[in-house]
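**Student:** Right, I'll just put the structure down here and ask away after.
Just so it is clear, none of the values below were taken in a lab; they were calculated from the coordinates. No experiment lies behind these values; they were computed from the predicted model shown. Reconstructed Cβ throughout: ideal geometry from the backbone, glycine too, with neighbour counts over all protein chains shown.
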Protein chains: 2
Amino acid sequence: MITISVIGAGQVGTQFCKAISAAESLHLEQWYNRSKIDQQNGLDDANFCNDLMQLKPADLYILAVSDSAIETISNALPFENRLVVHTSGSVALRFLNKKNRKGVFYPLQTFSKASDLDFSNIPICIETTEKSDRKLLETVANTLGSPTYFIQSEQRQSLHLSAVFVNNFTNQLYRIAHELTDRHGLEFDILKPLMQETIQKLQNLSPYMAQTGPAKRNDKKTIKQHLKLLEKTPKYQKIYELITQSIQHTHG
Amino acid sequence: MITISVIGAGQVGTQFCKAISAAESLHLEQWYNRSKIDQQNGLDDANFCNDLMQLKPADLYILAVSDSAIETISNALPFENRLVVHTSGSVALRFLNKKNRKGVFYPLQTFSKASDLDFSNIPICIETTEKSDRKLLETVANTLGSPTYFIQSEQRQSLHLSAVFVNNFTNQLYRIAHELTDRHGLEFDILKPLMQETIQKLQNLSPYMAQTGPAKRNDKKTIKQHLKLLEKTPKYQKIYELITQSIQHTHG
């Protein structure tokens, strides 16, 4: 039995607590949060904790807190030589206090409170200073059902940057399409099969090979027509121009 | 039995021919292409045709040709008062010659030669000048398994523009992420569950509600770190800045 305490009750902390509680060979020792934890999550409140000084011994402490709080909380932990990991894509390992054994346990996924997540869809990127700690983190991740990748801090930051492109930025393009369809009395839903197929194609093709459309085939007439349709939203016109240029640069 | 002739042997024409041939209540009367049609598609070659003058009577002619060829081929058709539709997202109905009954039969999907498509994932946007022709186009689409939408030319152009955002532009963001992961010795595949979940979330949330990430929470430190990582690719840096601003404008 691996004992784990989770620090933080945001999306990531909550999902980890739920999954750890549900796993037979893992034990959720304690769940710390500065303020009271919303108990609608179905977890027994016996292990809740609001005081870092009351943290009991555990095999692993997962700091699922905001990037800016990692260093502070790591410094404030009232124990030494235990395994403490953070869950951030962009914070380097060195920001954890060296009085404890350090690691990263970064779930590469977008979390929402609404749904229970299937951890087989959540790759976990692992980094440790001590090789022996790797094995424990790998066991925890695999027990949750996650595939694991060993990735150093610098690589992880590039991965996080890539994640911003495929998740936040893609979502903003969906948002723009949502606005455009709304404005013309069209249902956004009509686009969903296309959105799905755009990803589906990448099962067999690279994004380079999968590209189609007016930018790639340099269809000036359609591009001009689209830019005219965007006249009233110059910000979107600019995005259209820039990504069109990018596609043409890639395929030119 | 509805008889249909398809003009054009690109991705769209080929997929329509395959699906029409497979449907019991539709008959592929002829398949026209200027040059010889590649016969590896498993269709009987008895109905191939290279000469517009040899087109026989049919209930429907589908012009699945490039946008720039629609007007020319429509003018060259050697018959009158039959139902002729094009399949383009961006060409207005008026570009079809008025000697025939006119319509649009626009499949809102990205087509690739490789795979047989499931038409239940291909919404078809229908437009006609004569109301009685609507019914026939709707029957054909539904027989293929497609949901149908009645959409006028102007709306259709906005829909096509939206499709460029969610398909071609999204795919270019995937391309950029592919480059970034490659450059740092990471597998692009590690991002795929995140890409999938980004869309999955939109089953229950609007793109507005689904947004997360450094731009939305105005995490200046991470944004600065990301822009630094993109120093060697100023074009991608520019895209990062512009979409980050767009997210902040949407959520500001």
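**Student:** Across peptide B:176-187, what mean number of C-beta atoms from other chains lies inside 10 Å of a residue's C-beta?
**Tutor:** Working: counts 9, 12, 7, 5, 7, 7, 2, 2, 10, 4, 8, 3.
Mean shielding by partner chains, rounded to a whole number: 6.
**Student:** A further question on this structure: Can you give me the Rg/Rh ratio for region A:130-188, using Cα atoms for both radii and the Kirkwood formula for Rh? Please list the in-between numbers first.
**Tutor:** Details: Rg = 19.0 Å, Rh = 14.7 Å.
A ratio of 1.30.
**Student:** Sticking with this structure for a sec: With N denoting the number of residues in region A:15-104, provide Rg(C-alpha) divided by 2.2 N^0.38 Å, to two decimal places. List each step's numbers first, then the result.
**Tutor:** Details: Rg = 13.0 Å, N = 90, 2.2 N^0.38 = 12.2 Å.
Normalised Cα radius of gyration, region A:15-104: 1.07.
**Student:** Filter the GluC sites (Glu not before Pro) in region A:157-236 down to the DSSP loop ones having no more than 15 other Cβ atoms within 10 Å, then list what survives. Please list the in-between numbers first.
**Tutor:** Values: sites: A:Glu179, A:Glu187, A:Glu197, A:Glu231; in loops: A:Glu187, A:Glu231.
Sites meeting the loop and neighbour criteria: A:Glu187, A:Glu231.
**Student:** Let me ask another. Considering every residue in B:233-243, what mean count of other chain Cβ atoms within 10 Å of its Cβ is obtained? Don't skip to the end; give the middle numbers.
**Tutor:** Working: counts 0, 0, 5, 3, 0, 4, 7, 4, 1, 8, 12.
For this peptide, the per-residue mean of nearby foreign Cβ atoms is 4.
**Student:** Also, I was wondering about something else. Between region A:49-87 and region B:114-190, what is the separation of their alpha carbon centroids in Å?
**Tutor:** If you average the Cα positions of each part, the centres end up 48 Å apart.
**Student:** As a test of understanding, state the convex hull volume per residue of region A:53-162 from its alpha carbons, in Å³. Mind dumping the intermediate values first?
**Tutor:** Details: hull volume 12.4 nm³, N = 110.
So the per-residue hull volume is 112 Å³.
**Student:** Over chain A, consider all pairs of different Cα atoms and compute the Kirkwood hydrodynamic radius from their mean reciprocal separation; express it in Å, one decimal. Numbers along the way, then the final one.
**Tutor:** Details: mean 1/r = 0.0479 Å⁻¹.
When all Cα pairs of chain A are included, the Kirkwood radius is 20.9 Å.
**Student:** Under the definition of Cα pairs under 8 Å and six or more residues apart, what whole-number percent is the relative contact order of region A:156-251?
**Tutor:** Working: 27 pairs, mean separation 17.9, N = 96.
Reported relative contact order: 19 percent.
**Student:** Normalised by the residues of region A:1-93, what does the relative contact order come to in percent, with Cα pairs under 8 Å and at least six apart? List each step's numbers first, then the result.
**Tutor:** Numbers: 148 pairs, mean separation 28.3, N = 93.
This gives 30 percent for region A:1-93.
**Student:** Please list the three semi-axes, largest first and in whole Å, of the ellipsoid equivalent to the protein assembly as shown, using sqrt of 5 times the eigenvalues of its alpha carbon gyration tensor. Each step should come with its number before you reach the end.
**Tutor:** Details: eigenvalues 555, 98, 77 Å².
Ellipsoid half-lengths, sorted descending, are 53, 22, 20 Å.
**Student:** Sticking with this one: Can you give me the relative contact order of chain A as a percent, contacts being Cα pairs under 8 Å and 6 or more apart? All intermediate terms of the calculation are to be shown ahead of the outcome.
**Tutor:** Working: 334 pairs, mean separation 29.6, N = 252.
Once normalised by length, the contact order is 12 percent.
**Student:** For a quick size check, give me the Cα extents of region B:156-251 along its three principal axes, largest first, whole Å.
**Tutor:** 39, 28, 26
**Student:** Give the peptides A:65-74, B:164-173, B:236-245 in descending order of average Cβ contacts within 10 Å, highest first.
**Tutor:** Averaged packing, sorted descending, gives the order B:164-173, B:236-245, A:65-74.
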